[in-house]
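Asks: Shown below is the structure under consideration.
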């Protein structure tokens, strides 16, 4: 991001300037805050056991109603460049603890807080599993936005190698342990994602469908051989767009500064050196969604900026 200075000469030695940000070829960083009220992801999947009948699989079920669905919070790092959107990594979309589930940490007997609580019954054995400390990262190549929409399948969800995410399991017959959830998978949903703007709020909505294979912790015992975990739902994240000066008009020693994405509580500031800023003492009004600052000019002014 570079600066372009647009200036108007008022009288001899008196200038009024607006600092304008000009987007270059590289993407502008944008951080979105995950909306936990609208972000929920459900866990499903299958577990595999070895027995005298060969390998058997069965679907995961809840330990109690709601134990396989939880909300997420955190943030998403993105880069914006015109109609191009990219997820460079560095995001942290974290599952919220939704209850106390079996087993305890490390697969020990008992219960402890967890993001998800699952169980599966194969023949006469019931395996309990608790998924804990889920933190997702997002990555992608540059994605083209079309009318604010883009293919969800362009996204890769990542559990880094140092991820704290684990699946703790125990069937109370000898199979127990804890296995990290690591790796990267492509989002498989066909539903479109979107980037929309309403007023000064930009909203990112991403449908989620992904699966990770979790093996039994070595050494594997004779029964539990691992599971495939399916995560499905959506992530919704928002950011407030920064104020942008769109015009500067000077009439009869009065400057009128028009700004988008600013509130009536925003402040117009002035500086002569781009280092020290002070309030301009401007009157502020709103018209057709634009915030308008009006300030008399009696002394030299270098630059304007707006802070919400």
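Asks: How many residues, within segment 198-243, are loosely packed, with under 15 Cβ neighbours inside 10 Å, over 20 Å from the mean Cα position of the chain (by Cα) and either in a strand (DSSP E or B) or modelled with pLDDT of 90 or more (or both)?
Replies: 2
Asks: Criterion first (in contact (Cβ under 8 Å) with a residue 12 or more places away in the chain, part of a strand (DSSP E or B) and within 27 Å of residue 155 (Cα to Cα)) does residue 90 satisfy it?
Replies: no
Asks: For segment 264-283, give me each residue that is touching a residue at least 40 places away in the same chain (Cβ under 8 Å), buried (at least 16 other Cβ atoms within 10 Å of the Cβ) and not in a strand (DSSP E or B).
Replies: Within segment 264-283, 266 is the sole residue that qualifies.
Asks: Looking only at segment 51-86, filter to residues that are at positive phi and in a strand (DSSP E or B); which one of those is modelled with the highest pLDDT?
Replies: 74
Asks: A further question on this structure: Mind listing whichever residues of segment 97-141 are assigned to a loop (DSSP other than H, G, I, E, B) and either over 17 Å from residue 173 (Cα atoms) or outside the structural domain of residue 209 (by TED's automatic domain parsing) (or both)?
Replies: 97, 98, 115, 133, 134, 140, 141
The values are calculated or read from the model by the stated rules, or taken from the named source; none is laboratory data. This structure is a prediction, so every number in the text was calculated from the model and none was measured. A quick note on method: Cβ atoms are made from the backbone with ideal geometry, for glycine too, and the neighbour counts reach across all protein chains shown.
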